[in-house]
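Asker: Just dropping this structure here.
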Amino acid sequence: MKNKTFYITTPIYYTSGPLHIGHLYCTTVAWIIANYKRVLGYDVKFLTGSDEHGQKIEQKAALAGKEPQVYVNELVDSYKKMWQQYNINYDYFSRTTDPMHMKMVQTIFTKFLQLGLIYKGKYDGLYSVNDEEFLTKNQAVFKNGEYYHPTSGHKLVLMSEESYFFKMKEFQNWWLNEVNNNPEWLLPSKMTNEMISNFVSEGLEDLSVTRTNINWGIKTNEDPKHTLYVWLDALFNYVSALGFDLDNPGDDYLKYWENGDEIVHIIGKEISRFHFIYWTIFTKALGIKVPNKIYAHGLLRDKDGRKMSKSLNNVIEPEYLFSKYHDEMIKYYFASAITFGEDGNFSEEKLIDIVNADLVNNYGNLVSRTLKMISNSFPEGLFYKQSSQSEHLEIEGKINSFVPKFIELMDVFKLDKALEHTMNLSDSLNKYIDTLRPWTLTSQENKAELENILIRLLNGIYAVSWSLQIVMPNKIAEIAKALNIESFKLENISNFSKFDGVKTADKFILYNRIKK
Ligand code: MSP
């Protein structure tokens, strides 16, 4: 049987500066979900990339005294270096300056014109260069004679220029119907409701999709003084990277998009408007498949819940974190300490606390004491035997029921709850040790009972490790080596004889305790 496909994307990040912890967070979470689906046997493709056009980038390049293309190339190199450093592998690195992408977006503009979905008019309104976003006066905040963006706080400029408009209004009813019929489509729902009340309930406005005073962007073929609005350009990266083409679409596009099973976009909540509303409508208007799910995560704040910003001097650089902590500690923190979809706080103290509690004291300790007891008493390996003793049955029950709940939680992207479930199993295994005190069972007549306990511990460690591999694959590969097995497989979890006669390493330390 053919494996189901799963295509997952991060936003493509603006090449207006180096990546920061927020980008690292988003990419890590999407990557973990991709790993999860791979472990379940899906045929997965994972995309990240860079959004390289627009006025903001044009201005930044000028400020740096560089040609825009040179400026963005340097940043893209630094992005790729960072993903490599953090061991985040991807299938596509999508760039909006890729000539294939640029050509494709031009043909889409032409298609929309032909379909009568784009018309020429004049834009009179507000624009945020920083957010590359159009706003009406009603949506903006007015303070001391100036207009500001309602969420980012960036200053808005008044703009009046000729522009082409996309007929968003025509899709309003379709969109609202879809939202009502499919509550799992755009998540979290509170964000969808916010989108409805801010942009749809009073009537969706047609969207200005070209600018005239910008050079750094994709020119329309029909009217070259018009440059395509960055969001029209950027959103289509999700299909151009797969080889989309109106006349002759590529294999990956057909396999992972048009005929694909699941298409999921992970984004930050501040760009929900563009994805929830405009991207879904663009795909519908073009007659291509509409993505199955768009999930908006929250923003990272500092330990006191303040927004991370240069002016508050509370930004934590990925480089700095990397120099102090193993990359998989950081990944574990992102997945376990932040509720996906909510804002979350980040602090080094909290990172240290979580690593020490979950990975050192709980799971790490479980592995190291189990291996030690095995090497002391069973250097040649263990064998599983059934037992009717209640403690043994109970722990076997926990191991057997572990996976369904883990899957149930991960399927709805409750990463923190899924990992809590993992740590609960690890904790139960530690308690099983504390209750049965296997270290006292060293005499010959207790040997069978000791073996009963230790083989169940190994099987429990297997289940815990199977789930943790989606977050920390490198450390878990080390564990596999210490357990003298190839890898952790879903179908082997409830086979308790898999460790029969396997000689495990005599010691293993996952991480040393981090001192504060
Ligand atoms: N270029 C657009 C996206 C185009 S997608 C077709 C863009 N780029 S961005 O560089 O500003 O990156 C935005 C994304 O980075 C957010 O949606 C979010 O995923 C992530 N984050 C940026 N700052 C963040 C935090 N402070 N916290 C968490 N994530 C943040 O928007």
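Where a number appears in this text, it was derived from the coordinates with a stated rule and is not lab data. Since the structure is predicted, the reported quantities are computational estimates derived from the model, not experimental observations. Every residue, glycine as well, gets a Cβ built from its backbone with ideal geometry; the counts of neighbours run over all protein chains shown.
Asker: Using only Cα atoms and rounding to the nearest 10 degrees, what angle (0 to 90) does helix 415-436 make with the longest principal axis of the chain?
Answerer: Tilt of helix 415-436: around 10 degrees.
Asker: I need the phi-derived Karplus couplings for region 159-176: 6.51 cos²θ - 1.76 cosθ + 1.60, θ = phi - 60°, integer Hz, Gly and Pro marked x.
Answerer: Values, residue by residue: 10, 9, 7, 5, 7, 8, 10, 9, 7, 4, 3, 4, 9, 4, 5, 4, 4, 5 Hz.
Asker: While we're here: Just to confirm the number: angle between the C-alpha axis of helix 21-39 and the first principal axis of the chain, 0 to 90 degrees, nearest 10?
Answerer: So the inclination is approximately 60 degrees.
Asker: Same structure, new question: Summing +1 for each Lys or Arg and -1 for each Asp or Glu, what net charge is found among the other residues whose Cβ lies under 13 Å from the Cβ of V290?
Answerer: Net charge in that neighbourhood comes out at 0.
Asker: Here's another thing I want to ask about it. Taking K and R as +1 and D and E as -1, what net charge do the other residues with C-beta under 10 Å from the C-beta of R95 add up to?
Answerer: On the way: positive: none; negative: D51, E52, D98.
Net charge in that neighbourhood comes out at -3.
Asker: Per 0.36 nm of contour for each residue apart, how much would the distance between S347 and E449 grow if the chain were fully extended, relative to their Cα-Cα spacing?
Answerer: 32.2 nm
Asker: Suppose each label sits 7 Å from its Cα in the direction of the beta carbon; what would the V141-N313 distance come out to in nanometres?
Answerer: Each label point is offset 7 Å from its Cα along the Cβ direction, giving 2.4 nm.
Asker: Another question about this same structure. Once Rh for region 200-279 is found with the Kirkwood sum over Cα pairs, what is the Stokes-Einstein diffusion coefficient at 25 °C and 0.890 mPa s, in µm²/s?
Answerer: Answer, rounded: 166 µm²/s.
Asker: Additional query: Relative to the first principal axis of the alpha-carbon coordinates of the chain, what is the inclination of helix 365-377, with its axis defined by its Cα atoms, in degrees from 0 to 90 and to the nearest 10?
Answerer: Approximately 30 degrees, to the nearest ten.
Asker: Give me a comma-separated list of calculated 3J(HN,Hα) values for region 352-361, in order, Karplus coefficients 6.51, -1.76, 1.60 applied at θ = phi - 60°, integers in Hz, x for any Gly or Pro.
Answerer: 5, 4, 5, 5, 5, 6, 8, 8, 8, 6
Asker: Considering only the other residues whose Cβ falls under 13 Å of the Cβ of V355, what net charge follows from Lys and Arg at +1 and Asp and Glu at -1?
Answerer: Working: positive: K324, K331, K350, K475, R513, K515, K516; negative: D327, E328, E348, E349, D353, D358.
Cβ neighbours under 13 Å give a net charge of +1.
Asker: May I pose another question? So for the chain: antiparallel DSSP bridges make up what percent, rounded to the nearest 5?
Answerer: Taking every DSSP beta bridge within the chain, about 45 percent pair in antiparallel fashion.
Asker: Please return the longest stretch of the chain lacking exposed loop sites, where GluC sites (Glu not before Pro) count only if DSSP places them in a loop and at most 12 other Cβ atoms lie within 10 Å.
Answerer: 1-183
Asker: List every residue whose amide H lies under 5 Å from the amide H of N314, counting only residues 5 or more places away in sequence or on a different chain, with H placed 1.01 Å from N in the peptide plane.
Answerer: The answer is S309.
Asker: Going by amide H atoms built from the backbone, whose H comes under 5 Å of the H on K45, apart from near neighbours?
Answerer: F6, Y7, I8
Asker: If R₀ is 41 angstrom, what is the calculated FRET efficiency for the pair N181 and Q389, using the beta carbon separation as r and rounding to 0.05?
Answerer: 0.20
Asker: Quote to one decimal, in nm, the extra length available between K122 and E222 on full extension: 0.36 nm per residue of separation minus the C-alpha distance between them.
Answerer: Gain on extension, K122 to E222, equals 34.3 nm.
Asker: Say each of N213 and L115 gets a label point 7 Å from the Cα, pointing the same way as Cα to Cβ; how far apart are those two points in nm?
Answerer: 3.1
Asker: With each pseudo-label sitting 7 Å past Cα toward Cβ, what's the E478-D411 distance in nm, one decimal?
Answerer: 3.4
Asker: Relative contact order for the chain: what is it in percent, counting Cα pairs under 8 Å that are at least 6 residues apart? Please list the in-between numbers first.
Answerer: Details: 780 pairs, mean separation 77.8, N = 516.
Here the relative contact order equals 15 percent.
Asker: Please arrange R369, R306, R95 by counting, for each residue, the other beta carbons lying within 10 Å of its beta carbon, fewest first.
Answerer: R306, R369, R95
Asker: Going 7 Å from the Cα of I196 toward and past its Cβ, which residues in region 256-275 have a backbone nitrogen under 16 Å from where you end up?
Answerer: Of the residues in region 256-275, 273 have backbone N under 16 Å from the label point off I196.
Asker: Starting from the Cα-Cα distance between K80 and L63, subtract it from 0.36 nm times their residue separation and give me the gain in nm to one decimal.
Answerer: Extra length available between K80 and L63 comes to 3.8 nm.
Asker: Shifting gears a bit: Please report the relative contact order for region 200-271, taking Cα pairs under 8 Å with a sequence separation of at least 6, and give it as a percent rounded to a whole number.
Answerer: Computed over region 200-271, the figure is 16 percent.
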